[in-house]
Amino acid sequence: MKTILRELRLKAGLTQQQLADRVHVSARTVISIEKEQYSPSLMLAYRMAEVFGVTVEELCCLRENRQREDEAYENL
């Protein structure tokens, strides 16, 4: 799942470890989310969105991800 996590984290001047500590996960989890290798749980997405003062929808690019998914299903 595409997110804007990396952009928000860099803009806030946080390291991956600092963000991980704030949301109670490992730095590896943050890295995996930023690389689109792992989709955060709803609660984790909410915690990260709170850190940056954005909505879960914004953080997780939900409209864009929905469109990608819809297009994938249309091409089956």
Failed criterion for L76 (all others in (1) in a helix (DSSP H, G or I); (2) surrounded by fewer than 15 Cβ atoms within 10 Å (Cβ to Cβ) hold) = (1)
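State all residues of the stretch 26-61 that are in a helix (DSSP H, G or I) and open to solvent by 70 Å² or more (accessible area, probe 1.4 Å); if no residue qualifies, say none.
Listed by number, the residues that qualify are R28, L42, M43, Y46, R47, E50, E57, E58.
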The listed residue being in contact with a Pro (Cβ under 6 Å, 6 or more places away or on another chain) and without any contact (Cβ under 8 Å) to a residue 60 or more places away in the chain, out of I4, I33 = I33
request  = Can you give me the number of residues within the stretch 5-25 that are under 17 Å from N65 (Cα atoms) and assigned to a loop (DSSP other than H, G, I, E, B)?
outcome  = 0
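The values are calculated or read from the model by the stated rules, or taken from the named source; none is laboratory data. This structure is a prediction, so every number in the text was calculated from the model and none was measured. Counting neighbours? That spans all protein chains shown, and the Cβs are built from the backbone with ideal geometry, glycine included. When the accessible area is computed, the model is the full protein with side chains, heavy atoms only, and any ligands, DNA or RNA have been set aside. Shrake-Rupley method; radii C 1.70, N 1.55, O 1.52, S 1.80 Å.
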